[in-house]
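Chemist: Submitted below is the structure of interest, expressed as structure tokens.
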Amino acid sequence: MTIIQSTYTKNIILISSLIFSLLLAFNGSFNKLALIWEYSNTYGHGFLILPTTLWLIHRKKNELALIEAQPSLLGLVLVGLTSLFWFVSVVSYINVLEQFALFSLFIVLTWAFFGWKVVFFLRFPLAFLYFSIPIGDFLIPYLQFVTADISVYMIKILGIPVYRDGMYIQIPNGNFVVAEACSGIRFLISTITIGVLYSYLNFTKLY
């Protein structure tokens, strides 16, 4: 038990150092992300993803300590390629790819320092980091159309005359517009995030 605790402590120190180094080296990217999380009601959960990931890793500390760390040259090469991908995304102003590369660095750095066995064992906690990426706004117009379709369908069922022009709905009592807030994107993204985490913690079979 002492050996396991010692190994776990060393790994925690190394992981903490890696996270601190990433935060320092990629400070600009993290600042942009933090601003989105802070000012967007849709992506405010991003602040909770990294602490949740660390907690998920902590839950596996005993099993993790039994896996021998095997630094990987391939992992180190992937660190370089991912960093290059991040740089190209930054100079191209492609925020989603920049953020994807940023969180991919957590995975490839883990691979480089601990080996692929550790990465495979921690595949869910590491993959859960991608829920930090503020992506989903492209769904808003489609969800608005779905909301409009459902609204018009329900109005017709009630026998109320209705005319629809895109996002605008007209009935005898007034005119209405299906706004972005009606798309349900906030509920969808937060529900998927919580649902995936709940499923991982409580279910053992994929079906």
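Chemist: Tell me whether the stretch 136-207 comes out rounded, prolate or oblate; compute the Cα gyration tensor, take square roots of the eigenvalues as a ≥ b ≥ c, and use a/c under 1.5 as the rounded threshold.
Modeler: Here the stretch 136-207 falls in the prolate category.
Chemist: Moving on. What is the fewest-to-most order of 204, 191, 53, 147 by other Cβ atoms lying within 10 Å of their Cβ?
Modeler: Values: 204 5, 191 11, 53 22, 147 16.
Ascending number of Cβ neighbours within 10 Å: 204, 191, 147, 53.
Chemist: Determine the calculated [θ] at 222 nm for the chain from helices alone, applying -39500 (n - 2.57) to every DSSP H run no shorter than 4 residues and normalising by the residue count; nearest 500 deg cm²/dmol.
Modeler: Computed mean residue ellipticity for the chain: -22500 deg cm²/dmol.
Chemist: By how many degrees, 0 to 90 and rounded to 10, does the Cα axis of helix 46-59 deviate from the longest principal axis of the chain?
Modeler: Roughly 40 degrees, rounded to the nearest 10.
Chemist: Over the chain, how many pairs of lysines fall under 28 Å by alpha carbon, counting only those 8 or more apart in sequence or from different chains?
Modeler: 8
Chemist: To continue, here is another question. Using all alpha carbons of the chain, what is the percent of pairwise distances in each 5 Å bin, ordered from the shortest bin to the longest?
Modeler: In whole percents, the pair-distance histogram is 1, 6, 12, 15, 14, 13, 11, 8, 6, 5, 4, 3, 2, 1, 0, 0.
Chemist: Show me 73-85, 161-173 ranked by packing, highest mean number of other Cβ atoms within 10 Å first.
Modeler: 73-85, 161-173
Chemist: Mind checking which of 142, 174, 190 is farthest towards the positive end of the stretch 136-207's charge dipole, using Cβ charges of +1 (Lys, Arg) and -1 (Asp, Glu) about the Cα centre?
Modeler: So the residue we want is 190.
Chemist: Next question. With +1 on each Lys and Arg Cβ and -1 on each Asp and Glu Cβ, and nothing else charged, work out how big the dipole of the chain is about its Cα centre, in Debye to the nearest 20.
Modeler: Around 540 debye, computed over the chain.
Chemist: May I pose another question? FRET efficiency for residue 154 and residue 69, Cβ-Cβ distance as r, R0 = 45 Å, nearest 0.05?
Modeler: Rounded to the nearest 0.05, the efficiency is 0.20.
Chemist: Here's another thing I want to ask about it. What's the exposure ranking of 58, 45, going from fewest to most Cβ atoms within 10 Å?
Modeler: Values: 58 12, 45 18.
By the 10 Å Cβ count, ascending: 58, 45.
Chemist: I would also like to ask the following. I'd like the orientation of helix 140-157 relative to the chain: the angle between its Cα long axis and the longest Cα principal axis, in ° from 0 to 90, rounded to 10.
Modeler: Helix 140-157 sits at roughly 40 degrees to that axis.
Chemist: Enumerate the residues in the stretch 105-133 having an amide nitrogen under 20 Å from the point lying 7 Å beyond the Cα of residue 84 toward its Cβ.
Modeler: Answer for this model: 105-113.
All of the numbers you see were taken from the coordinates with simple rules; none came from a lab. What you see is a predicted model, and the numbers here were worked out from it, not measured in a lab. Every residue, glycine among them, receives a Cβ derived from its backbone with ideal geometry; neighbour counts consider all protein chains shown.
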